[in-house]
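Input: a single structure, listed below in structure tokens.
Readers should treat all values here as calculations from the given coordinates under stated rules, not as data from a laboratory. Everything quoted here is computed from the prediction, not taken from an experiment. Here the Cβ positions follow ideal geometry from the backbone for every residue, glycine too, while neighbour counts run over all protein chains shown.
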Amino acid sequence: MDEGKALKVRVTFAIILMGVALMFTAVVTDHWAVLSPKVEEYNATCEVAHFGLWRICIKRIFMKENETDKDQGCGPISLPGEHNCSYFTHFVSGESTEIFQVSTQREYSISAAAIAIFSVVFAIIGTICVLLSFRKKMDYLLRPAAMFYTFSGLCIIISVEVMRQSVKKMVDSDDTAWIEYYYSWSFACACTSFVLLFICGVALLFISLPRMPQNPWESCMDAEPEH
């Protein structure tokens, strides 16, 4: 490929790598959402939870009187307290996550994790294609790479939506003690990675297309061959 096109590819690829890094960060961390129950009484401990695709972490916080309003729920999670994390039982046999099993739909958790794995696989394949495209006469690999990155972005945002529905059902369920929730930094990483992967994937696809005719009598077949 010519120098001008190679520069565009490198810049786009650098931005895509940032999106891939954010996507990996979101997938492996467990700060997608934070759940808080109602504070029943002061000078006692309450449990606040944060979780991701693979495990849930419970933090026991001692709530002092006048430290927070009871209507605002337990927390904030930044307060000191005993911290314990465990993998979901549907991923690792023998782990205890009863508080999560009671309060959410198992299918949502499995679906979000499975779709996120597809996102990771698509991103890896796309990266391999881009690296190979820098070899002589292999720039045709940029087109499938662009599609893989676009698919990766779509998969991660679908995983985000599945997780969002899971959290909503947990809070709305009568079987749970959660009254408050908010999405944390892992969730933000996933959303940002979607924007970068999808937009830059489409941009990479346009960059990889043959040069358009510049004159009415010129066809795409008349364009200079790519090297």
query = What lysines could a cross-link reach from K168, if we take a straight Cα to Cα line under 23 Å and drop same-chain neighbours fewer than 8 places away?
reply = K38, K59, K70
query = Points 7 angstrom from Cα along the Cβ direction at K8 and I117: gap in nanometres?
reply = 3.8 nm
